[in-house]
Amino acid sequence: MQTYDSLLVEKGFIDEPVDPGLKLTDEINRLRKEKNAVILSHFYVEPELQDIADFVGDSLGLAQAAAKTQADLIVFVGVHFMAETAKIINPSKKVILPDLKAGCSLAESAPAYKFAAFKAQYPGHKVVSYINCSAELKTLSDVICTSANAVKIVESFPEDQPLIFAPDKNLGNYINNLTGREMVLWDGACMVHEQYSVEKIVALMDQHPDAEFIAHPECEKPVLLLARHVGSTTSLLNYIQKSAAQKFIVATESGIFHQMKKACPEKTFIAAPSVDSTCGCNDCSFMKLNSLQKLYLCLKHEQPEITLPADVIEKAKAPILRMLEIS
Ligand code: 13P
Ligand code: SF4
């Protein structure tokens, strides 16, 4: 017979029948108070999971919120590497994630053992790693960055310091272009941001000459070259508020539209088109594994929990704290 724990590992979330009459948001509110829990949600999760959060933000904002929380229990409504980061910053706190299988194609593109061999080919290089990576990869890094602070972090090194950037080659390439550095790039990418069609974006821009095209730096270079503004999710959200334009074509994950519409209900937001128009590729399938029911059950049982070996926590903490100091 399978144990409860092995079922959790197999499924990734608590699969327990829930009374359909139960008002999940009320239950979540009751439990979070009772357990002194904080709910941190990323901009890419479903609108109802953004609205119920104590803090909703980009990867940097979420790491900063995790660093200063007074809560006993951290519920991370996002993906695995984000919850791991919260655990590394708060080793004595319990960190839970509604679905353990909420991974990240970018983080998975850089297994630590392969990266260690890659790093060994470049003696004398320091490693800047994008936060979208495993805790193990963080232990091999000198400093972590997010899309919001990457330029600042890279520029914190002397110009003649050779650098490796991992795991996102698109963000790395974008920073190389902005800073004039020649960082060695790991060959990783995000499955959501790599699927935009330049031809279709150009056609859409022709169709909507009054629209501004904006993009996340995880997109490929030909897409970024078309963009009026490139930035993290928070930066894109700030941009649409201060721009005089009334219409935007947006190349990033679909969850961001919720905050954009809330901030500027009178403006129009169009999702940038994918190469395959039938795939729903603007949705990150990992982020979308989170649901209100899984959040409720996760809070109720305080599982699935993020656990990491003490030596990994210790080694991964230094480059994250370095990032938070510089930011
Ligand atoms: P930011 O929200 O930090 O811009 O990151 C985007 C992302 O891909 C998170 O997984
Ligand atoms: Fe990872 Fe891309 Fe999903 Fe972000 S959008 S969590 S980078 S797969």
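One table, with the values for the structure above:
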read-out	value
Residue order for ARG228, ARG30, ARG322 - accessible surface, 1.4 angstrom probe, largest first	ARG228, ARG30, ARG322
Pairwise FRET efficiency - ASP160 versus ASP283, Cβ, R0 = 35 Å, nearest 0.05	0.25
Average accessible surface area per residue within the chain, 1.4 Å rolling probe, Å²	43 Å²
Accessible area of the chain belonging to carbon and sulfur atoms, whole % at 1.4 Å probe	53 percent
Note, ³J(HN,Hα) from phi for segment 224-238, Karplus 6.51, -1.76, 1.60, rounded to Hz, x at Gly and Pro	5, 5, 7, 7, 6, 9, 10, x, 4, 4, 5, 5, 5, 5, 5
Over the chain: helical MRE at 222 nm, DSSP H runs n ≥ 4 each giving -39500 (n - 2.57), nearest 500	-12000 deg cm²/dmol
Order of exposure, largest accessible area first, which applies to THR278, THR146, THR139 with probe 1.4 Å	THR278, THR139, THR146
Surface accessible to a 1.4 Å probe, TYR122 within the full protein complex, Å²	70 Å²
For PHE248, residues with placed amide H under 5 Å, excluding near neighbours	GLU212, THR268, PHE269, ILE270
Sequence-distant lysines (8 or more away, or on other chains) whose Cα lies within less than 26 Å of LYS11	LYS23, LYS35, LYS87, LYS93, LYS94, LYS101, LYS288, LYS294, LYS300
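The values are calculated or read from the model by the stated rules, or taken from the named source; none is laboratory data. What you see is a predicted model, and the numbers here were worked out from it, not measured in a lab. Please note: Cβ atoms are built from the backbone with ideal geometry, for glycine as well, and neighbour counts cover all protein chains shown. These accessible areas exclude ligands, DNA and RNA; they are computed on the full protein's heavy atoms, side chains included. Shrake-Rupley method; radii C 1.70, N 1.55, O 1.52, S 1.80 Å.
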